[in-house]
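As structure tokens, the structure follows; a few thoughts come after it.
The values are calculated or read from the model by the stated rules, or taken from the named source; none is laboratory data. On a predicted model such as this, the values are computed, not experimentally measured, just so you know. As a convention, Cβ positions derive from the backbone with ideal geometry for all residues, glycine included, and neighbour counts pool all protein chains shown.
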Amino acid sequence: MLIAVVGGTGWQGAGVAVRIAAAGHTAIIGSRDPGRAEHLARGLPTFVELPTERFRAATNEVAAAEADMVFITTPITGHREALTAIQPFVKGKIVVDVTAPVNPANQIENLWPPEGSATQEAQAVLSGVADVVGALKNTSATALINHHKSPGSDVLIVGDDLSAKHRVMALLRQMGLPSYDVGSGEVCRTVEGLTALLIYLNYAYHLRQPGVRIAQIEPGLDYLPDESLLPPK
């Protein structure tokens with residue numbers, strides 16, 4: 001499968017491209033500057049010890065047009081512009097929005113778009129054109145690039161089309177990334193807000209690549225809430 005990584009010349013985009021290639025697919029690294037995309041596509045395979053033929057370079061528009069599925073990894077400051085640029089080329093496709101709304105100048109601050117979240121902005125721009133799924137909002141670039149290791153965290157999936165979410169989750173399994181469907185696009189503001197929180201934890205406590213993991217409470221609790229103990233309403 002050909003999978004585009006639009007705005008893919010940053011570390012997050014590089015990490016997504018590595019996981020795509022490690023899963024046996026071809027990553028088309030897209031950029032406004034094809035020279036930057038070519039530079040990364042040429043050096044990345046050797047760096048992560050993956051076949052060179054699984055990495056290609058293109059402009060964002062060409063990458064989106066040629067791909068079967070599209071990932072968006074731009075900073076929030078260039079998010080709407082990138083979405084608008086690829087809009088004519090993604091009809092009927094799944095667009096996986098990876099962008100978190102963190103301020104590039106201050107990563108513990110969020111720059112929320114008017115729609116409420118990055119994924120909702122993507123849904124608005126691509127309305128009636130593509131199915132948008134939010135994913136990988138809280139997974140660090142370092143965890144993605146180390147493709148031979150489990151990230152030790154879970155991916156929270158949001159979106160309004162159940163079939164599209166299931167297809168993305170199947171791909172993420174191939175990429176070695178466990179995931180959970182946590183609801184519709186409206187939930188994404190909550191999911192995206194965790195990214196700045198995780199970055200703060202990294203700064204404040206020097207945690208190594210903090211992430212989100214869904215954990216089931218162990219059975220054997222001695223006391224459970226009992227409505228009969230509360231005063232009558």
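Given (1) touching a residue at least 60 places away in the same chain (Cβ under 8 Å); (2) outside any loop (DSSP other than H, G, I, E, B); (3) in contact with a Ser or Thr (Cβ under 9 Å, 6 or more places away or on another chain), where does residue 167 come up short, assuming only one miss? Checking residue 167 against (1) touching a residue at least 60 places away in the same chain (Cβ under 8 Å); (2) outside any loop (DSSP other than H, G, I, E, B); (3) in contact with a Ser or Thr (Cβ under 9 Å, 6 or more places away or on another chain), the one that fails is (3). Return a yes/no flag: does region 126-138 have any residue that is among the hydroxyl-bearing types (Ser, Thr, Tyr), assigned to a loop (DSSP other than H, G, I, E, B) and farther than 17 Å from residue 8 by Cα. Checked against the condition, which is being among the hydroxyl-bearing types (Ser, Thr, Tyr), assigned to a loop (DSSP other than H, G, I, E, B) and farther than 17 Å from residue 8 by Cα, region 126-138 yields at least one hit.
In the condition set (1) over 17 Å from residue 16 (Cβ atoms); (2) outside any helix (DSSP H, G or I); (3) over 16 Å from the mean Cα position of the chain (by Cα); (4) free of Cβ contacts under 8 Å to residues at least 40 places away in the same chain, residue 181 is compliant with all but (3).
When 100, 41, 105 are checked against the criterion of being in contact with a Phe, Trp or Tyr (Cβ under 6 Å, 6 or more places away or on another chain) and of a type in the set (Gly, Ala, Ser), a single residue qualifies: 41.
For region 81-133, residues that are of a type in the set (S, T, N, Q) and in contact with a Gly (Cβ under 9 Å, 6 or more places away or on another chain) total 6.
Counting the residues of region 1-43 that are in a helix (DSSP H, G or I) and buried (at least 19 other Cβ atoms within 10 Å of the Cβ) gives 14. Condition (residue is surrounded by fewer than 19 Cβ atoms within 10 Å (Cβ to Cβ), under 14 Å from the mean Cα position of the chain (by Cα) and under 18 Å from residue 22 (Cβ atoms)) applied to region 122-143: is it met by at least one residue? Yes, region 122-143 contains at least one residue that is surrounded by fewer than 19 Cβ atoms within 10 Å (Cβ to Cβ), under 14 Å from the mean Cα position of the chain (by Cα) and under 18 Å from residue 22 (Cβ atoms).
Would you check if there is a residue in region 193-213 being touching a Leu at 6+ places or on another chain (Cβ under 8 Å), hydrophobic (A, V, I, L, M, F, W, C) and under 13 Å from residue 19 (Cβ atoms)? No, every residue in region 193-213 fails to be touching a Leu at 6+ places or on another chain (Cβ under 8 Å), hydrophobic (A, V, I, L, M, F, W, C) and under 13 Å from residue 19 (Cβ atoms). Within region 44-77, restricting attention to residues that are among the aliphatic types (A, V, I, L, M) and assigned to a helix (DSSP H, G or I), the residue that is farthest from residue 118 (Cα to Cα) is 48. Take the conditions (1) under 28 Å from residue 50 (Cβ atoms); (2) aliphatic (A, V, I, L, M); (3) free of Cβ contacts under 8 Å to residues at least 60 places away in the same chain; (4) part of a helix (DSSP H, G or I); residue 156 misses just one of them, which is (4).
Sub-9 Å Cβ pairs linking a first residue in region 120-135 that is farther than 24 Å from residue 194 by Cα to a second residue that is modelled with pLDDT of 95 or more and of a type in the set (S, T, N, Q), at least 6 apart or interchain, are 126/87; 129/87; 130/87, ordered by first then second residue.
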